[in-house]
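S.K.: Please find one structure pasted underneath; my questions will follow.
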Amino acid sequence: MLNMLYPSVLSLQDGTSYKGWSLFELSSYAGEIVFNTGMTGYQEILSDPSYTGQMVVFTYPEIGNTGLNIEDNESNFIFVKALVAKNISTVSSNWRSTLSLKDYILQKKIPHIFGVDTRALTRKLRMSGVMPGFLSNTSDTSLNVYFNKFNSKDLIRKVTVRSPYYIHNSYDDYDVSRNFLYINPSNFFNYSNNYNVVVVDFGLKFNILRCLLSLGCKVNIVPATVDYNSIVSLNPDGILLSNGPGDPQKADYAINTVRKLIHFSNIPIFGICMGHQILNLACGFSTFKLKFGHRGLNHPSGYSCYSEITSQNHGFAVSSDIINKYSLHESFLVKHLNFNDETIASTFDQKAAIFSVQYHPEASPGPHDAYYLFKVFVDLIALNSKKS
């Protein structure tokens, strides 16, 4: 039996509005409207902390037809401010599906609108840039106050873990880790390197932990506000800086901590997405906000004639002045570019065990072209351990 539908309106800061429908009566919701070009991955997107404060427009004309399952969440919470779609399938068909997207929206009361011409809305955002939006059952364009507040927020503090926790892949704790991360036993490997990796949580996705665990690492997850001494006291073999939401320049506490780690710890560091931006800020470079960001599963990144297809989700990027600017590390180099707009996609240090990527090697959703980077990180740890 179909639910009752409610007329809904998505209003943009510039006065443009889009009419559609919702499955329940909406309150009023404001957020930054962004678009994702992936054909799949709505479950991971809904639970990805990097989308905190954002209303996500799905450019693919129908979502929901593969349902949802217990394994693919990227966190324990829903972080998107709202879901915007052309059509939401009322039927799911997949052997892993345990719940339809429609039922999930109703159960979790996720703000949403469908029936919108999402391709026209996406063209609008590409031409004008991402902007605040307001979603409700009535028109409302009072967005300026919200927009100023959104730009001033440190979203990393909002989503980071509140206290440290530890997880590893020994069979003693396998049931605990499986229940916490929903690890698929068929993808579970018991490598024996036993390296201790500290993950700084700026808005961590579970699949980063799954990748580290699958390579045999023990993982300590710490808050973004952790200080240098607390990290070093854990005796890490490597440090991973995770993905996360918002403007990296707001996280000056994290930038200062990473700067100290670079100069004094002699520990390999791997940055992903937000971690990439913070690592480069700690090295003396700058970041800027992209006009409409990179959000999708098919972004080509590489150098010369080599390209990987990568999963990306970010609204900020490292400024290209890194190529010419003198920094704290003269040996810091750009390795990959995003071939769509030639923004910087990865950097590394020729002398220190430090590297970072703007894209998501853990994918989830997305292609696995860059998964090898986790193995590179572990190999870097091994090499550094031999030198010590």
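S.K.: So which residues in segment 224-256 are in contact with an Asp or Glu (Cβ under 6 Å, 6 or more places away or on another chain) and either among the polar types (S, T, N, Q) or in the same structural domain as Glu74 (by TED's automatic domain parsing) (or both)?
M.R.: Of everything in segment 224-256, just one residue is in contact with an Asp or Glu (Cβ under 6 Å, 6 or more places away or on another chain) and either among the polar types (S, T, N, Q) or in the same structural domain as Glu74 (by TED's automatic domain parsing) (or both), namely Ser242.
S.K.: Please go through segment 121-134 and pick out each residue that is in a helix (DSSP H, G or I) and touching a residue at least 12 places away in the same chain (Cβ under 8 Å).
M.R.: Answer for segment 121-134, where residues must be in a helix (DSSP H, G or I) and touching a residue at least 12 places away in the same chain (Cβ under 8 Å): Leu121, Thr122, Lys124, Leu125, Arg126, Ser128.
S.K.: Pro245 - would you say it is under 30 Å from Arg123 (Cβ atoms) and surrounded by 15 or more Cβ atoms within 10 Å (Cβ to Cβ)?
M.R.: yes
S.K.: Looking at (1) over 30 Å from Pro223 (Cα atoms); (2) in contact with a Gly (Cβ under 7 Å, 6 or more places away or on another chain), can you tell me which one Glu32 breaks?
M.R.: Failing condition for Glu32: (1).
S.K.: Could you count how many residues in segment 357-385 are more than 14 Å from the chain's Cα centre (by Cα) and polar (S, T, N, Q)?
M.R.: Within segment 357-385, residues that are more than 14 Å from the chain's Cα centre (by Cα) and polar (S, T, N, Q) number 2.
S.K.: Let me ask something else. So for segment 45-58 (the condition being outside any loop (DSSP other than H, G, I, E, B), hydroxyl-bearing (Ser, Thr, Tyr) and either in contact with a Gly (Cβ under 6 Å, 6 or more places away or on another chain) or farther than 21 Å from Ala363 by Cα (or both)), does at least one residue qualify?
M.R.: Yes: one or more hits.
S.K.: Continuing with the same structure: Quick check on Val197: is it modelled with pLDDT of 55 or more and either small (Gly, Ala, Ser) or not assigned by TED's automatic domain parsing to the domain that holds Asp72 (or both)?
M.R.: yes
S.K.: Tell me, which residue of segment 8-66 that is over 20 Å from the mean Cα position of the chain (by Cα) and of a type in the set (Asp, Glu) is farthest from Lys86 (Cα to Cα)?
M.R.: Residue satisfying both the conditions and the ranking: Asp14.
S.K.: Could you grab me the full set of residues in segment 87-116 that are aromatic (Phe, Trp, Tyr) and within 13 Å of Leu23 (Cα to Cα)?
M.R.: Selection gives Tyr104, Phe114.
S.K.: Does segment 357-365 contain any residue that is in contact with a Phe, Trp or Tyr (Cβ under 9 Å, 6 or more places away or on another chain) and in a strand (DSSP E or B)?
M.R.: So far as segment 357-365 goes, yes, one or more of its residues are in contact with a Phe, Trp or Tyr (Cβ under 9 Å, 6 or more places away or on another chain) and in a strand (DSSP E or B).
S.K.: Being within 20 Å of Phe134 (Cα to Cα) and in a strand (DSSP E or B) is the requirement here; does Ser11 meet it?
M.R.: yes
S.K.: What single numbered condition from (1) more than 30 Å from Gly129 (Cα to Cα); (2) at pLDDT below 95 fails to hold for Ser286?
M.R.: (1)
The values are calculated or read from the model by the stated rules, or taken from the named source; none is laboratory data. Nothing here was measured: the structure is a model prediction, and the numbers come from that model. We place every Cβ from the backbone using ideal geometry, glycine too, and count neighbours over all the protein chains shown.
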